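The next block holds one structure in the form of structure tokens; read it before the comments.
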Amino acid sequence: MSERLIKTAVVGASGYSGQELLRLLLMHPQVELAAVTSRQEAGRSLAEVFPRFRGAPKMDALCFIEPDMDAIAATGAECAFLALPHGVAYEFAAGLLERGIRVIDLSADFRLNDPAVYAEFYGGDHPSPELMKEAVYGLPEFRAEEIRQARIVASPGCYPTSILLPLLPLLKSGLINPASITVSSMSGASGAGKKADASLLFAEINESVRAYGAPKHRHLSEIEQELSIAAEAVVRISFVPHLMPVTAGICTTIFCEPGEQGKGGDLSKLIAGAYDSAYGNAPFVRILGENKFPDTKHVTGTNHVDIGWVEDKRTGRLLLFSAEDNLGKGASSQALQSFNLMFGLPETTGLFNY
């Protein structure tokens, strides 16, 4: 493995995902942070904006700059992470690629492969449909080879990661009925981003849980896209997200029914086999097993997703459970996992931070 340092930029580094990404990059043994950008914080040092980074090697001298593509390219950056809101990232992706910089986008701008679906869910035509088609959906457990070769990777959303990882192996194996899927998820408040919003004030979310975004949360578009690819048929699901009074973490419960391949046999054994086949060599997917319930406190601050399940023989349903960190496996650390693949590093590099 090469020990060279890979010059890396983070565009939009002042948000929650950006801050977590910076923390991971600072610990990464083969990354040199070449540029961090923020219009709001331009001119201020990294240590001033994020005091937790004080004393980190070379960080006291590193300052936020304006998000100027020529300035980023002048640093020699080979890769740029875009930690920007959807509808903004595309402006930078094309320009950075033209300057020979590979891109990992944490927004939703390049996750979909159908411009019509993008227009339906995001309220306007996609400005870069060709680049949209080129982008690789960055779920490393299923797209590792494509990610290695990609110029641009669209890192999955937090809810989709928690839903797709339990479902994809079972859909591919025909063990569940694609028409039966219903999902309920709960997320920490950081999933809404770092913005002024009265509904996200401490007094509003503390000691309370509420549903939102039903029946057509924007993440449905990429969830259904990837489920349809796995099932080789159009899949439509019901999905209800909830906000819970913690900073980070996602807990997802999936309700479904057995498919044709799951009937008449030992369903739990078949599920365990499908998961072992899909994730036996996946370092960040932990299969807890039947009658096991994942807990967000065991995954926050990590790149792991924990998965368990219960067979409800009384109703004939299957219940799948997952837990992850929405800022980690649901955003920044999963993006870094793709970075490792893109630059020929072991995908675990800099990510086993228990």
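The values are calculated or read from the model by the stated rules, or taken from the named source; none is laboratory data. What you are looking at is a predicted structure, and each value in this text was computed from that prediction instead of being measured. As a convention, Cβ positions derive from the backbone with ideal geometry for all residues, glycine included, and neighbour counts pool all protein chains shown.
Summary table
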quantity: Top-ranked residue in segment 222-260 [being farther than 26 Å from A189 by Cβ and among the polar types (S, T, N, Q); ranked as surrounded by the fewest Cβ atoms within 10 Å (Cβ to Cβ)]; calculated: S228
quantity: Some residue of segment 180-202 being more than 25 Å from A116 (Cα to Cα) and of a type in the set (D, E); calculated: yes
quantity: Among the candidates R210, R314, R218, residue that is of a type outside the set (V, I, T), in contact with a His (Cβ under 7 Å, 6 or more places away or on another chain) and farther than 20 Å from L171 by Cβ; calculated: R210
quantity: Residue pairs meeting the criteria (Cβ under 6 Å; at least 6 apart or on separate chains; first among the β-branched types (V, I, T), in segment 326-352; second assigned to a loop (DSSP other than H, G, I, E, B)); calculated: T348/P283
quantity: Pairs with Cβ under 8 Å, 6+ apart, first in segment 107-136 and in contact (Cβ under 8 Å) with a residue 60 or more places away in the chain and closer than 23 Å to S332 by Cα, second part of a helix (DSSP H, G or I) and among the acidic types (D, E); calculated: A108/E222; R111/E222; L112/E222
quantity: Matching entry among G249, G280, G273, G264 (being at pLDDT 95 or above, at positive phi and either assigned by TED's automatic domain parsing to the domain that holds S187 or hydrophobic (A, V, I, L, M, F, W, C) (or both)); calculated: G249
quantity: In segment 292-306, the residues that are assigned to a strand (DSSP E or B) and in contact with a Gly (Cβ under 9 Å, 6 or more places away or on another chain); calculated: V305
quantity: Filtered residues of segment 59-88 (kept if under 16 Å from S155 (Cα atoms) and crowded, with 22+ Cβ neighbours inside 10 Å); calculated: A80, F81, L82, A83, L84
quantity: Condition broken by R148, with the remaining ones in (1) touching a residue at least 12 places away in the same chain (Cβ under 8 Å); (2) assigned by TED's automatic domain parsing to the domain that holds E222; (3) in a helix (DSSP H, G or I) satisfied; calculated: (2)
quantity: Close pairs from segment 174-201: first under 30 Å from A274 (Cβ atoms) and modelled with pLDDT under 95, partner of a type in the set (D, E) and assigned to a loop (DSSP other than H, G, I, E, B), Cβ under 9 Å, at least 6 apart; calculated: G188/D325
quantity: Candidates A323, A331, filtered to the one that is under 20 Å from R148 (Cα atoms) and either of a type in the set (A, V, I, L, M, F, W, C) or surrounded by 19 or more Cβ atoms within 10 Å (Cβ to Cβ) (or both); calculated: A331
quantity: Answer residue from segment 307-325, given it is outside any loop (DSSP other than H, G, I, E, B) and free of Cβ contacts under 8 Å to residues at least 40 places away in the same chain and is nearest to the chain's Cα centre (by Cα) among those; calculated: G308
quantity: Single condition H304 does not satisfy, out of (1) touching a residue at least 40 places away in the same chain (Cβ under 8 Å); (2) touching a Lys or Arg at 6+ places or on another chain (Cβ under 9 Å); calculated: (1)
quantity: Residue satisfying condition, being at pLDDT below 95 and charged (D, E, K, R), within set E120, E141, E145, E134; calculated: E120
